[in-house]
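Chemist: Below is one structure. I have some questions about it.
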Amino acid sequence: MDYRPRVVDRLIEHALRVSGAILVEGPRACGKTATGLHHAESSVRLDIDDEARSLAELEPRLVLDGPVPRLIDEWQLEPRLWNHVRRAVDDRRDPGQFLLTSSASPSDDTTRHTGAGRILRLRMRPMALRESGHSSGTVSLAALADGEELTPAASPLGLEDLVERLCVGGWPALQSLGAVDAQRILRSYLDAVARADIQAADPAVARRDPTRVRRLLASYARHVSTPASTATIATDTSSGQGPALRSETVSAYIDALERIMVVEEQPSWGPHLRSRALVRQAPVRQVVDPSLAVAALAASPPRLLRDPNSLGLLFESLVVRDVRVYAGPLDADVLHYRDSSGREVDLIVQLRDGRWIAAEVKLSARWIDDAAESLQAFARNLDSRRVPPPAAMVVITAASHAYTRPDGVHVVPLACLGP
């Protein structure tokens, strides 16, 4: 099969030139194996090769033998390999020796010897719209960070097209399917998460009823793109199937879901402000791909189009997914801002050199003016002696055209955005 290039490719290529080993972490089915094979000269796939797993148990050193870079796919299935890779990197003293992949993060004890200076970690996510061929990429996130002018462009997708992509998600194997078939497979994906995958992250959770995990997933999906508290999510799990989960149980489930990379929450940004309003530190609830939230809610494109409030929250989650992918080459974090006065910014893209982009997400063009005014008010409220002005202020939308407003705020359809 032809390999579809991914944004993470350039990060992997660079990492293999400077580090003895790299670890590519990402949710199951996001394309890690195909990407790993694309960059590797030899491979061992522990999830399907029983003989290799037996060998890893008896003589781990032999699993590492082969032309380099050597891909060790789903290394966490034989956790002892971590220290053998670390030792081999020390002994060989050359970059680009190993490429490890993992769809679950083992306990910290497993990687206590962190591999600092030896094993470099990269995060891989499901495909953004540019990677799947559904965005023109006319507006570059990197160019926005550089303060470059925006070239006006038309979006290749309308609202119904975006809803279809939201339901299919960024899963490589589902790209040729329609929303109905993709959602059927994604509901099965979540069933596997509830019954089996979560065991890889937390054996204590595994002893609990998978039905309760499904209830938690549905509740979490209803609160995607909001800073809902653990207590709120717990209360929302009450149903005819049983009483509400305890807050401690919800926290344990969310931690386990983070370890298998189904959940990826959006942390808070803390700028210096002239205002005395307190910055809210609670994360915004996000899944790694909003198609999973659609599956947890048993929704469909027609239902979402009839429910603009839910669609707006899921569209924001889609934007967060794509911006996280595009922010990878910038080594940037994707955060949010909320304070006690009610002011908020949906996305803050924070670069290591101090540059940052502020973005609001609006599904409908009718809210663009309000979003632009909110961004300008937020920027005016910053302490300019301690934080630079934003490199760009952006309204990301499902509207039809990309352009720059007279006030300098950029309006960018999601299907025009790229790395």
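Chemist: Tell me, please, whether a residue that is outside any helix (DSSP H, G or I), under 18 Å from the mean Cα position of the chain (by Cα) and under 24 Å from residue 146 (Cα atoms) can be found in the stretch 394-412. Outline the logic, then answer.
Modeler: So the first thing to find is which residues in the stretch 394-412 are outside any helix (DSSP H, G or I), and the list is 394-412.
Checking the rest, the ones that are also under 18 Å from the mean Cα position of the chain (by Cα) come to 396.
Subsequent filtering for residues that are under 24 Å from residue 146 (Cα atoms) retains 396.
Yes, the stretch 394-412 contains a residue that is outside any helix (DSSP H, G or I), under 18 Å from the mean Cα position of the chain (by Cα) and under 24 Å from residue 146 (Cα atoms).
Chemist: Could you check how many residues of the stretch 36-54 are of a type in the set (Val, Ile, Thr) and under 21 Å from residue 118 (Cα atoms)? It would help to see each step written out before you state the result.
Modeler: Step one: filter the stretch 36-54 for residues of a type in the set (Val, Ile, Thr), giving 44, 48.
Add one more test, that the residue is under 21 Å from residue 118 (Cα atoms), and what stays is 44.
Counting residues in the stretch 36-54 that are of a type in the set (Val, Ile, Thr) and under 21 Å from residue 118 (Cα atoms) gives 1.
Chemist: Taking into account only those residues within the stretch 30-85 that are in a loop (DSSP other than H, G, I, E, B), open to solvent by 30 Å² or more (accessible area, probe 1.4 Å) and charged (D, E, K, R), which is farthest from residue 325 (Cα to Cα)? Explain how you work it out, then say what you get.
Modeler: Filtering the stretch 30-85 down to residues in a loop (DSSP other than H, G, I, E, B) leaves 30-31, 40-41, 46-49, 59, 64-69, 74, 78-80.
From what's left, open to solvent by 30 Å² or more (accessible area, probe 1.4 Å): 41, 47-49, 59, 65-68, 79-80.
Those left that are additionally charged (D, E, K, R): 41, 47, 49, 59, 65, 80.
Working: 41: 26, 47: 26, 49: 31, 59: 37, 65: 33, 80: 31 Å.
If we take residues in the stretch 30-85 being in a loop (DSSP other than H, G, I, E, B), open to solvent by 30 Å² or more (accessible area, probe 1.4 Å) and charged (D, E, K, R), then 59 is farthest from residue 325 (Cα to Cα).
Yes/no matrix, rows are residues, columns are (1) on the phi > 0 side of the Ramachandran plot; (2) touching a Pro at 6+ places or on another chain (Cβ under 8 Å); (3) not charged (D, E, K, R):
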site	(1), (2), (3)
328	no, yes, yes
338	no, yes, no
359	no, no, yes
377	no, no, yes
391	no, no, yes
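Chemist: Can you tell me which residues in the stretch 319-344 are assigned to a strand (DSSP E or B), in contact (Cβ under 8 Å) with a residue 40 or more places away in the chain and closer than 22 Å to residue 274 by Cα?
Modeler: Step one: of the stretch 319-344, the residues assigned to a strand (DSSP E or B) are 333-339, 344.
Keeping just the survivors that are in contact (Cβ under 8 Å) with a residue 40 or more places away in the chain gives 333-339.
Across the stretch 319-344, the qualifying residues are 335, 336, 337, 338, 339.
Chemist: Additional query: Kindly indicate whether any position in the stretch 112-122 is among the hydroxyl-bearing types (Ser, Thr, Tyr), surrounded by fewer than 21 Cβ atoms within 10 Å (Cβ to Cβ) and either farther than 16 Å from residue 18 by Cβ or at pLDDT 95 or above (or both).
Modeler: Yes, the stretch 112-122 has at least one match.
Chemist: Identify the single condition in (1) crowded, with 19+ Cβ neighbours inside 10 Å; (2) at pLDDT below 95; (3) of a type in the set (Ser, Thr, Tyr) that residue 384 does not satisfy, given that it satisfies every other one.
Modeler: (1)
Chemist: State whether one or more residues within the stretch 129-139 are modelled with pLDDT under 95 and basic (Lys, Arg).
Modeler: First pass over the stretch 129-139, keeping only residues modelled with pLDDT under 95: none.
The answer is no, given that none of the residues of the stretch 129-139 is modelled with pLDDT under 95 and basic (Lys, Arg).
Chemist: Related question: What number of residues in the stretch 294-336 are over 17 Å from residue 129 (Cα atoms) and hydroxyl-bearing (Ser, Thr, Tyr)?
Modeler: Residues meeting the conditions: 2.
Chemist: Take the conditions part of a helix (DSSP H, G or I) and hydroxyl-bearing (Ser, Thr, Tyr) and apply them to residue 374. Does it pass?
Modeler: On the way: part of a helix (DSSP H, G or I): yes; hydroxyl-bearing (Ser, Thr, Tyr): yes.
Criteria met by residue 374.
Chemist: Quick check on my filter: what residues within the stretch 367-394 are under 23 Å from residue 7 (Cα atoms) and in contact with a Lys or Arg (Cβ under 7 Å, 6 or more places away or on another chain)?
Modeler: Kept after step one, since they are under 23 Å from residue 7 (Cα atoms), are these residues of the stretch 367-394: 391-392, 394.
Passing the criteria: only 391.
Chemist: Same structure, new question: Residues that are touching a Pro at 6+ places or on another chain (Cβ under 9 Å), modelled with pLDDT under 95 and open to solvent by 10 Å² or more (accessible area, probe 1.4 Å): does the stretch 160-181 have at least one?
Modeler: No.
Chemist: State whether the residues of the stretch 279-286 include one that is touching a strand residue (DSSP E or B) at 6+ places or on another chain (Cβ under 9 Å), modelled with pLDDT under 95 and hydrophobic (A, V, I, L, M, F, W, C).
Modeler: The answer is yes, given that some residue of the stretch 279-286 is touching a strand residue (DSSP E or B) at 6+ places or on another chain (Cβ under 9 Å), modelled with pLDDT under 95 and hydrophobic (A, V, I, L, M, F, W, C).
Chemist: Turning to a different aspect of this structure: Would you check if residue 365 is surrounded by fewer than 23 Cβ atoms within 10 Å (Cβ to Cβ), closer than 23 Å to residue 310 by Cα and in contact (Cβ under 8 Å) with a residue 12 or more places away in the chain?
Modeler: Yes.
Chemist: Can I ask one more? Within the stretch 368-381, is even one residue in contact (Cβ under 8 Å) with a residue 60 or more places away in the chain and either among the charged types (D, E, K, R) or open to solvent by 10 Å² or more (accessible area, probe 1.4 Å) (or both)? Walk me through how you get there before you give the answer.
Modeler: Applying the first criterion (in contact (Cβ under 8 Å) with a residue 60 or more places away in the chain) to the stretch 368-381 yields 381.
Imposing the further condition that a residue be either among the charged types (D, E, K, R) or open to solvent by 10 Å² or more (accessible area, probe 1.4 Å) (or both) reduces the set to 381.
Yes - at least one qualifying residue is present in the stretch 368-381.
Chemist: Further question on the same structure: In the stretch 7-29, what count of residues is obtained for those that are part of a helix (DSSP H, G or I), open to solvent by 40 Å² or more (accessible area, probe 1.4 Å) and in contact (Cβ under 8 Å) with a residue 24 or more places away in the chain?
Modeler: Of the residues in the stretch 7-29, the ones part of a helix (DSSP H, G or I) are 8-18.
Right, trim to open to solvent by 40 Å² or more (accessible area, probe 1.4 Å) and you get 10-11, 13-14, 17-18.
From what is left, the residues that are in contact (Cβ under 8 Å) with a residue 24 or more places away in the chain are 10-11, 13, 17-18.
Result for the stretch 7-29: 5.
The values are calculated or read from the model by the stated rules, or taken from the named source; none is laboratory data. All figures in this text were calculated on a predicted structure; none of them were measured in a lab. Here Cβ is always computed from backbone atoms with ideal geometry, including for glycine, and neighbour counts include all displayed protein chains. Note: accessible area is taken over every heavy atom of the protein model, side chains too, but ligands, DNA and RNA are not part of it. Shrake-Rupley method; radii C 1.70, N 1.55, O 1.52, S 1.80 Å.
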